[in-house]
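I have placed the structure first, in the form of structure tokens, so that the comments after it can refer back to it.
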Amino acid sequence: MLTREENDLLTRTGPGTRMGDLMRRYWIPTLLSDELPAPDCPPRRLTLLGEKLVVFRDSQGRAGLVDERCPHRNASLFFGRNEEGGLRCVYHGWKFDVAGLCLDMPSEPAESNYKRRVALTAYPCLERGGVVWTYMGPPELKPEFPELEWTQVPAANRYATRRLQASNWLQGYEGGWDTAHLPILHRGDTQNSNYFSGRGKEAVRGLPARYEFVPTEYGFVYGRGRHNPEGGLNWECALMFMPSWKMFQPFAGTDNRITLLAWVPVDDANCMLWGVEYHPRRALTEEEMAWSKSFHYIHVETVPGTLRPLRNRDNDYLVDRKLQASGQSFTGILGLGLQDSAIQESMGPVCDRTREHLGPADVVIVKLRRHLLGVLNDGGSALPGLDPASYRLRPAVFPLSGDAPLASALDAHLRIDAVALAQ
Ligand code: FES
Ligand SMILES: [Fe+2]
């Protein structure tokens, strides 16, 4: 349970809010590079952290993210002409470049230098891993881009999608960490799929013997330890990257790809759910891609031309009650990602955490909230996740003897450099 003040603090991300300020200290994914397919292509609308924006690609191919409202008299730049190095408002023709500088002001006398005194709010953009990223915080505090491995592998090694979820970002993020629901909400899918053959069976095998929650320089590690025949524990480690990423514990097998999700606030009642799968060493296979595009896993079918799921709350996610009754699917809803969204959206646009009754199985939810509140209260200049090299990590499952502390083993098993050296 949270107090109303704490709930507001963690869920509100608009300009001037404390969580919004925190999110603005990190590079945030905006859209896929392919969504701006060519120089001077049509601009797109985008709402991020409660700010209505327009994103465009200029004649040189540079991505620009700017305030949707023209600073002249607030017309929408979504209707702007994207031409010759800038976006031109179609009302009176004021034109701006990707940095927000006013290039032309045809409605003013030619000798006027008014255009030098008017700027459009613009946020810096970078393209990495087939995604346009932005930084919306104070320019002097802009960090280097994080060295997330999936943004550095060849395009054929990764698959990323984005789509909307009609809930506040935090209840999505909490759901991502909530391992207690795996064998229940997703029952049927996890047991009946070859893909989940390792993890699914483990998920229904009972609770792990130990949980560890280790704060790190990039966020935290959440480890679950299960007894192994040697008398030690096998630790499954998932990684939290600031501010709202989760790198999932690995699936069974040694040649499986890695999954990440991020919940990026659109406004307080909606978030953009990013789903990424990648393999560090090879291209994704046809079989893997077919699985990803079958919508049984994290990716969700959307209404063509939109980011809204085709199965959504207006059609009750096309819940199949016969399938539910058959036991093949606990929910009767297609796919893990949509099952999560359906149930998280059912909690209301912003979940009222003053009404909850948490139990021992909710430990990771409590830890996640404490972590975020702790960063908000004493992060300051020592915010986690600002060192780009700290992100050079992969998730892992590894054995440790008896009561050995998890924290001391993390670097050796999760750091890409250390793992490569040991091989
Ligand atoms: S409102 Fe954009 S140029 Fe006038
Ligand atoms: Fe889930």
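The values are calculated or read from the model by the stated rules, or taken from the named source; none is laboratory data. Source: prediction; values computed, not measured. No Cβ is skipped: glycine too gets one built from the backbone with ideal geometry, and neighbour counts run over all protein chains shown. Only protein heavy atoms, including side chains, enter the accessible area calculation; ligands, DNA and RNA are left aside. Shrake-Rupley method; radii C 1.70, N 1.55, O 1.52, S 1.80 Å.
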Mind checking which of TRP291, TRP133, TRP169 has the largest fluctuation in a GNM of the chain, springs on alpha carbons under 10 Å? TRP291
Over the chain, with a Gaussian network built from C-alpha contacts below 10 Å, which listed residue (ASN168, ASN157, ASN228) shows the highest mean-square fluctuation? ASN228
Please get the size of the charge dipole for the chain, origin at its Cα centre, with Cβ charges of +1 on Lys and Arg and -1 on Asp and Glu, quoted in debye to the nearest 20. 400
For the chain, the accessible surface attributable to carbon and sulfur atoms (probe 1.4 angstrom, ligands and nucleic acids excluded) amounts in percent to 53
Per residue accessible area of the range 38-119, 1.4 Å probe, in Å²: 51
Once each part is reduced to its C-alpha centroid, what is the distance from the range 293-323 to the range 21-48 in angstrom? 24
Could you give the length gained on full extension between THR121 and ARG313, defined as 0.36 nm per residue of separation minus the Cα-Cα distance, in nm? 65.6 nm
Under a point-charge model restricted to the Cβ atoms of Lys and Arg (+1) and Asp and Glu (-1), what is the dipole moment magnitude of the range 28-134 relative to its Cα centre, in debye to the nearest 20? 260
Taking all pairs of distinct Cα atoms, average 1/r, flip it, and tell me the Kirkwood hydrodynamic radius of the range 44-95 in Å to one decimal place. 11.0
Report the gain in length on full extension from ALA389 to VAL90: 0.36 nm times residue separation, minus Cα-Cα distance, nm rounded to one decimal. 103.3 nm
Per residue of the range 400-415, in order, report the coupling 6.51 cos²θ - 1.76 cosθ + 1.60 (Karplus, θ = phi - 60°) as ³J(HN,Hα) in whole Hz, putting x for Gly and Pro. 9, 6, x, 9, 4, x, 5, 3, 6, 9, 5, 4, 5, 9, 10, 6
Two pseudo-spin positions, 7 Å from Cα along C-beta at ASN377 and at GLU217, lie apart in nanometres by 2.6
Given a 10 angstrom Cα cut-off, can you work out which residue in ARG45, ARG62, ARG355 is the most mobile in a GNM of the chain? ARG355
Karplus-derived 3J(HN,Hα) from phi for the range 27-38 (6.51 cos²θ - 1.76 cosθ + 1.60, θ = phi - 60°), whole Hz, x at Gly and Pro, runs 6, 10, x, 10, 8, 6, 3, 5, 6, 10, x, 7
Residue-ordered couplings for the range 282-292, obtained by feeding phi - 60° into the Karplus form 6.51 cos²θ - 1.76 cosθ + 1.60 and rounding to whole Hz (Gly and Pro as x), are 8, 5, 5, 7, 4, 5, 5, 5, 4, 4, 4
Mean accessible area per residue over the range 330-423 (1.4 angstrom probe, all protein chains present, square angstrom) is 48
For GLY385, what charge total do you get from the other residues with a beta carbon under 14 Å from its beta carbon, if Lys and Arg give +1 and Asp and Glu give -1? +1
For ALA396, the residues 5 or more places away or on another chain with a placed amide H closer than 5 Å to its own amide H are CYS237
